[in-house]
Amino acid sequence: SAVALARPDRPVLIVTGVCKGQVTQEPHGDNGFGYDPFFVPEGMTRTFAELSPDIKNAISHRSRALAQLRRQLEEEQ
């Protein structure tokens, strides 16, 4: 996932987040959307669609990108 933040009179911040894992042949689970029933994050045995939203959000590529953006913004303070 890539996130960019553009602000007047400041450099554009661009961050990325990665969640490694494997794709299954068959869907598993009812939570989430898109590829969630097919994606098993590295170190896990269940797909994103089988994980609770709290766990998924803690390890997702989006949350990792946003956490990195937050760190960069805090460093500017």
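The values are calculated or read from the model by the stated rules, or taken from the named source; none is laboratory data. Quick caveat, the model's predicted, so the values are computed rather than measured. Virtual Cβ from ideal backbone geometry, glycine too; neighbours counted across all protein chains shown. Each accessible area value is taken on the protein alone, full model and side chains, heavy atoms only, with ligands, DNA and RNA left out. Shrake-Rupley method; radii C 1.70, N 1.55, O 1.52, S 1.80 Å.
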Problem set entry | Positions within region 4-25 being among the hydroxyl-bearing types (Ser, Thr, Tyr) and over 17 Å from Arg70 (Cβ atoms), in sequence order | Thr24
For this session: For region 32-50, indicate whether the set of residues that are of a type in the set (S, T, N, Q) and open to solvent by 100 Å² or more (accessible area, probe 1.4 Å) is non-empty.
Result: yes
Problem set entry | Test set (1) in a loop (DSSP other than H, G, I, E, B); (2) open to solvent by less than 70 Å² (accessible area, probe 1.4 Å); (3) within 16 Å of Ser1 (Cα to Cα) - Leu69 fails condition number | (1)
Problem set entry | Where a residue in region 51-73 is closer than 26 Å to Asp30 by Cβ and its partner, wherever it lies, is modelled with pLDDT under 95 and open to solvent by less than 70 Å² (accessible area, probe 1.4 Å), with Cβ under 7 Å and at least six apart | Lys56/Gly32
Exercise. Quick one: would you say Pro41 is of a type outside the set (Lys, Arg) and touching a helix residue (DSSP H, G or I) at 6+ places or on another chain (Cβ under 6 Å)?
Worked result: yes
Problem set entry | Single residue of Gly43, Gly34 found to be on the phi > 0 side of the Ramachandran plot and in contact with a strand residue (DSSP E or B) (Cβ under 9 Å, 6 or more places away or on another chain) | Gly43
For this session: Output the number of residues of region 51-61 satisfying the condition of being under 24 Å from Ala4 (Cα atoms) and surrounded by 14 or more Cβ atoms within 10 Å (Cβ to Cβ).
Result: 4
For this session: Report, by residue number, each residue of region 4-40 that is in a loop (DSSP other than H, G, I, E, B), among the small types (Gly, Ala, Ser) and at pLDDT 95 or above.
Result: Ala6, Gly17, Gly29
